[in-house]
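Since the structure comes first, as structure tokens, the remarks are kept for the end.
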Amino acid sequence: MYDELYYDQLHSAKALSTSNLFSYSISSVYSSAFSLTSDFNDCTEKDLKLLYTKPKPSINHKPSLFSEDICLAHDNFLENSNSFQEKSQIENILNKASPNLYKISQTKNGTRWIQKLITAVSQNSLYIEIIANSLKSHVIELSKDLNGNYVIQKCLSTFSPIKNQIIFDEINENLIEISINKHGCCVVQRCIDAALPYQLENLVGNIIKHTTFLINDPFGNYVLQYVISLGKPDINSKLAMIFLKDIKNYASQKYSSNVIEKCLQANTPETQQIIIKEISKPENFEKMIFDQYANYGNYYIVIQRALSIAEPELLSQMLYSIKTLMGKLKHSKYGRRICSKLLESHPNLNK
């Protein structure tokens with residue numbers, strides 16, 4: 001009776017008064033807490049503080065309390081679970097909660113709780129296996145989710161690469177889908193950070209295979225830039241050879257131009273000169289120098305980067321070509337910006 005009455009009062013702000021609330025004992029209110037919070041998912045943080053005042057709730061009740069607000073109320077549990085008794089019951093929690101871990105991971109407070117859970121169980125292979133089995137069918141879904149992606153990233157940074165093999169497998173099988181997602185592209189980058197040599201080889205090889213699709217994508221281009229930033233000459237050389245096939249277009253488009261600039265910056269001197277030589281071809285050079293994305297930005301981009309690292313012979317060739325085009329450049333908004341920038345670094349162009 002008390003449970004039903006308190007339930008009705010908690011659900012109705014008008015019916016809940018201070019006098020009525022304190023007509024019940026703490027024990028009777030506490031005894032109803034689990035049924036209340038299991039059904040009433042939008043209870044406030046103040047309600048939860050009332051329900052979870054001492055005496056502490058039994059850990060055995062926790063698996064039924066996985067709404068977003070309940071996860072918030074239990075944030076301190078894992079941090080303070082030091083006794084053998086409490087730690088021994090985590091397995092019970094995981095077994096009961098595991099069917100819904102992926103759902104919990106997609107809520108604002110749930111993702112925080114799961115990340116703390118991952119930290120708490122990081123040294124226990126059995127617990128890790130329970131979490132891995134719970135999430136393995138939802139890696140793609142979580143990787144693309146606003147909150148869920150942090151859970152996948154936490155697994156990658158906390159568990160060993162071997163334990164995370166299921167994540168690497170799923171990412172590899174669905175690379176494009178994840179890489180072109182705002183949150184997924186970050187997960188791919190964390191995979192690169194966490195991978196063992198053979199995992200990295202498989203992942204980067206797959207990325208290279210899909211270079212022409214990723215390079216022009218708003219998020220996929222960041223994956224390519226991250227691979228380039230690893231500074232591995234063999235990988236960057238392979239990418240450069242792919243870019244050379246259509247350098248004129250790649251250097252002239254919004255997202256791909258950033259990748260080309262990065263590739264120029266991070267490659268070996270030999271590969272840099274090969275790229276610059278291709279850029280310097282008349283049919284490529286004029287298109288790029290009149291394109292806003294190939295020539296203007298917050299920092300050096302394609303043409304400017306090429307000028308800064310070109311060997312003397314190629315530099316002279318590029319500067320001569322620019323000088324013959326200065327008249328045309330000054331008649332466009334971006335052209336005037338380009339002229340101003342180029343004259344700062346190469347004042348001889350004005351002679």
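FYI, it's all coordinate maths here, none of it is from the lab. Just so it is clear, the structure is predicted and the values come from calculations on it, not from any experiment. Every residue, glycine among them, receives a Cβ derived from its backbone with ideal geometry; neighbour counts consider all protein chains shown.
What's log10 of I(q)/I(0) for segment 223-351 at q = 0.18 Å⁻¹, Debye sum over Cα points only, no solvent?
Log-scaled intensity ratios, in q order: -0.91.
What ranking do 211, 324 get, fewest neighbouring Cβ atoms within 10 angstrom at the top? Provide the component values of the computation, followed by the final result.
On the way: 211 19, 324 10.
Arranged by neighbour count, lowest to highest, 211, 324 become 324, 211.
Give me the number: length gained by fully extending residue 141 to residue 196, i.e. 0.36 nm times residue separation minus the C-alpha to C-alpha distance, one decimal in nm. Numbers along the way, then the final one.
Working: separation 55, 0.36 × 55 = 19.80 nm, distance 2.40 nm.
Using 0.36 nm per residue and subtracting the Cα-Cα distance, I get 17.4 nm.
Sorted by packing (mean other beta-carbon atoms within 10 Å per residue), highest first, where do 119-125, 342-348 land? Show your work: numbers first, answer last.
Working: 119-125: 14.6, 342-348: 12.3.
Final packing ranking: 119-125, 342-348.
At 7 Å along Cα-to-Cβ for each site, give me the label-to-label distance between residue 216 and residue 124 in nm.
Output for this residue pair reads 5.1 nm.
Roughly how far apart, in whole Å, are the Cα centres of segment 225-287 and segment 130-150?
35
Take the cross-link list 163/209; 209/238; 96/144; 108/254 and give me the ones stretching past 22 Å between alpha-carbons. Provide the component values of the computation, followed by the final result.
On the way: 163/209 26 Å; 209/238 10 Å; 96/144 26 Å; 108/254 33 Å.
Long pairs (Cα-Cα over 22 Å): 163/209; 96/144; 108/254.
In nm, give the distance between the simple-model label positions of residue 177 and residue 344, each being 7 Å from the Cα along the Cα-to-Cβ direction.
Each label point is offset 7 Å from its Cα along the Cβ direction, giving 4.6 nm.
Take the Cβ-Cβ distance between residue 336 and residue 311 as r, set R0 to 35 Å, and report the resulting FRET efficiency rounded to the nearest 0.05. Write down the numbers at each step before the final one.
Values: r = 29 Å, r/R0 = 0.82.
Using R0 = 35 Å, I get an efficiency of 0.75.
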